Amino acid sequence: MSDQQVDQGKRTWLIATSCAGAVGGVATAVPFVSTFAPSERAKAAGAAVEVDIGALSPGQKMTVEWRGKPVWIVRRTKEQLDALKSNDADLADPNSDRKAFPIPGYAKNEWRSLKPEYLVVVGICSHLGCSPSDKFQPGPQASLPDNWHGGFLCPCHGSTFDMAGRVFKNKPAPDNLEVPPYTYLSDTKLLIGEDKQQA
């Protein structure tokens, strides 16, 4: 027997322990690597939200949650729509030209929506993240101008927004309310979070 011969028992043991170590390493790595994938809860939080607006009457608002944010859907009255143009001179950004939020092309109009009747905006003030209150009733009211046509008032620092979610001049809020991506699935169904419309 020469010194160059290898003991077959040692060789078998070495191969077996190497294979067991490799299998153990893979078994440990798979759960670890899988933690990098988003959870089902995280996937659901970013998912689009389907909303039935069929029961919404003119002058009413509903709130749904999308990505942890309140999204307002307001069915505006003819009077509220007619008053929008009269606010332009008092607004900080009447045409939504500022780029703080990406404004979908279909919201670059005076009513800031796909269909004039329905306003769809994220209900968070662009100043410090408070949620404005509904002030749909036109006319003089506390903390509002005498020529108020209806809109929203942020209770935290007094920023005011019209019925298209556009911020008034000389207010703490630097920008209009955000318009989320959305599309109509039918006349009474909205999908918030997906933009399938053309600008």
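The values are calculated or read from the model by the stated rules, or taken from the named source; none is laboratory data. Keep in mind the model is a prediction, meaning the values are calculated, not measured. A quick note on method: Cβ atoms are made from the backbone with ideal geometry, for glycine too, and the neighbour counts reach across all protein chains shown. The area values use the complete protein model at the heavy-atom level, side chains included, leaving out ligands, DNA and RNA. Shrake-Rupley method; radii C 1.70, N 1.55, O 1.52, S 1.80 Å.
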Item to check | Residues whose placed amide H lies under 5 Å from that of Ile103, excluding near-sequence neighbours | outcome: none
Item to check | Inter-site label distance for His157 and Gln8 at 7 Å from Cα along Cβ, in nm | outcome: 8.3
Next on the checklist: So with the 1.4 Å probe, I'd like the accessible area per residue for region 86-132, rounded to whole Å².
Outcome noted: 45
Checklist outcome for this item: Normalised Cα Rg of region 70-199, dividing by 2.2 N^0.38 Å with N its residue count, works out at 0.99
Next on the checklist: Explain nothing, just compute: Karplus ³J(HN,Hα) = 6.51 cos²θ - 1.76 cosθ + 1.60, θ = phi - 60°, for every residue of region 102-117 in order, whole Hz, x for Gly and Pro.
Outcome noted: x, 8, x, x, 6, 9, 8, 8, 5, 9, 6, 7, 5, 10, x, 5
Checklist outcome for this item: Note on region 89-158: C-alpha Rg/Rh, Kirkwood Rh, two decimals, gives 0.96
